[in-house]
Amino acid sequence: MATQLLREWTSFQQFPAATQEKLVNLLGKLKNQDVNTLTILVMGKGGVGKSSTLNSIIGDRVVAVSAFQSETPRPVMVSRTRSGFTLNIIDTPGLIEGGYVSDQILETIKGFLGRFLLNKTIDVLLYVDRLDAYRVDNLDKQVVKAITESFGKEIWRKGVVVLTHAQLSPPDGLNYEEFFSKRSESLLKCVRQGARISKKEIQDFPIPVALVENSGRCNKNENDEKILTTGLPWIPNLVHTITDIALNGSKSVVVDKKLIEGPNANDRGKLFIPLILLFEYLFIVKPIQKWIKDDIARETRPSWE
Ligand code: GDP
Ligand code: MG
């Protein structure tokens, strides 16, 4: 287990006073429930704003963000402490490569978790996508499926769907509310289908959707807090949602050996390899051996026989 240097969460002072006050209350709520560490896993496709959202929550540019080739090549864990409370956020590379979910990237993420979080928990999953996208396709479902196969279906009980680029003008004919509800409904449906969550299960454990606007051009209120179009300061709101999920009574996901070494979708085929080899031995290698043996026996027979 690598020792992790815990850094004081100094950038906390950079938040506007009003935000700090709200965050202090939320962290206090966690500590009241004996939650002294919160570990958040951030996942999604590339370029959707995962790294930017991490930076927004920490209040500092701690991980690289880029408009082009916006990739964190490997996972990064940012840990900060504040009055006895530890926040860990794990930023991960986008899961899609060459039009498919990359098993290699999934393995890298699991390997990373095994190194830094073995026997610890993932308390919240932020599944990040953009608000300003108009369709949900099979690839989105594949991403959800891959996350589910890697971490178990229960991870969605700890899930928050985060929609970035929240400060947008909706397409003609729709107002913001309508656009938001259409977009979040279709993404939630995609999560439900990709993770095979029944309608009943989702009723009992609804997955919250949080809006995020990471841009420096995000509107602010009179307290200098970044706000959504509704006027809601979104950073405290996101942390509020995260706190609710952390305290929702569902078990956090334990990073154990089974999770790290567990099969994911494409590895499962590998279970058949020994069977295929046995089949080849019995029905191909063996008959050829017998045929050669018979042939040799026939050859070595004296010609007068
Ligand atoms: P990642 O690949 O998912 O980590 O995405 P990044 O955080 O690197 O962001 C990709 C690009 O989108 C960068 O140019 C960011 O500045 C931009 N971006 C991220 N979030 C937002 C957002 O909420 N609003 C706007 N306008 N741009 C964003
Ligand atoms: Mg990134």
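The values are calculated or read from the model by the stated rules, or taken from the named source; none is laboratory data. Note that the coordinates shown come from a computational prediction; the quantities given were computed from them, not determined experimentally. No Cβ is skipped: glycine too gets one built from the backbone with ideal geometry, and neighbour counts run over all protein chains shown. For the accessible areas, the whole protein counts, side chains as well, though only heavy atoms, and no ligand, DNA or RNA atoms are used. Shrake-Rupley method; radii C 1.70, N 1.55, O 1.52, S 1.80 Å.
Would you point out the residue of the range 204-223, among those that are open to solvent by 30 Å² or more (accessible area, probe 1.4 Å), at pLDDT 95 or above and outside any loop (DSSP other than H, G, I, E, B), that is farthest from SER56 (Cα to Cα)? Checking each candidate, the answer is VAL209.
Residues are listed down the side, and each one gets a yes or a no for (1) more than 17 Å from VAL124 (Cα to Cα); (2) β-branched (Val, Ile, Thr); (3) buried (at least 21 other Cβ atoms within 10 Å of the Cβ):
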residue	(1), (2), (3)
LYS145	yes, no, no
GLY159	no, no, yes
THR164	yes, yes, yes
PRO171	yes, no, no
VAL191	no, yes, yes
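In the condition set (1) within 17 Å of ILE207 (Cβ to Cβ); (2) in contact (Cβ under 8 Å) with a residue 12 or more places away in the chain, THR92 is compliant with all but (1).
Residue check: is LYS110 touching an Asp or Glu at 6+ places or on another chain (Cβ under 9 Å), under 20 Å from ALA166 (Cα atoms) and of a type outside the set (Gly, Ala, Ser)? When the stated conditions are applied, LYS110 does not pass them.
Considering the range 45-60, the residues that are in a loop (DSSP other than H, G, I, E, B) and more than 8 Å from ligand 1 (Cβ to nearest atom) include one that is nearest to PRO233 (Cα to Cα), namely GLY59. One residue stands out among those in the range 31-59 that are crowded, with 16+ Cβ neighbours inside 10 Å and charged (D, E, K, R): the one that is farthest from ligand 2 (Cβ to nearest atom), which is LYS45. For the range 61-97, residues that are away from ligand 1 (no atom under 16 Å from the Cβ), surrounded by fewer than 16 Cβ atoms within 10 Å (Cβ to Cβ) and among the small types (Gly, Ala, Ser) total 2.
Which of the residues spanning the range 103-135 are assigned to a loop (DSSP other than H, G, I, E, B), at pLDDT 95 or above and either away from ligand 1 (no atom under 13 Å from the Cβ) or not hydrophobic (A, V, I, L, M, F, W, C) (or both)? It would help to see each step written out before you state the result.
Initially, the range 103-135 is screened for residues assigned to a loop (DSSP other than H, G, I, E, B), giving 117-120, 123, 131-135.
Now drop any that are not at pLDDT 95 or above, which leaves 117-120, 123, 131-132.
The answer is LEU117, LEU118, ASN119, LYS120, ASP123, ASP132.
Can you tell me how many residues in the range 19-51 are in contact with a strand residue (DSSP E or B) (Cβ under 7 Å, 6 or more places away or on another chain) and closer than 30 Å to ARG217 by Cβ? Please lay out each step first, then the result.
Within the range 19-51, the subset in contact with a strand residue (DSSP E or B) (Cβ under 7 Å, 6 or more places away or on another chain) is 19, 27, 30-31, 36-46, 48-51.
Applying the additional criterion that residues be closer than 30 Å to ARG217 by Cβ yields 19, 27, 38, 40-46, 48-51.
Residues meeting the conditions: 14.
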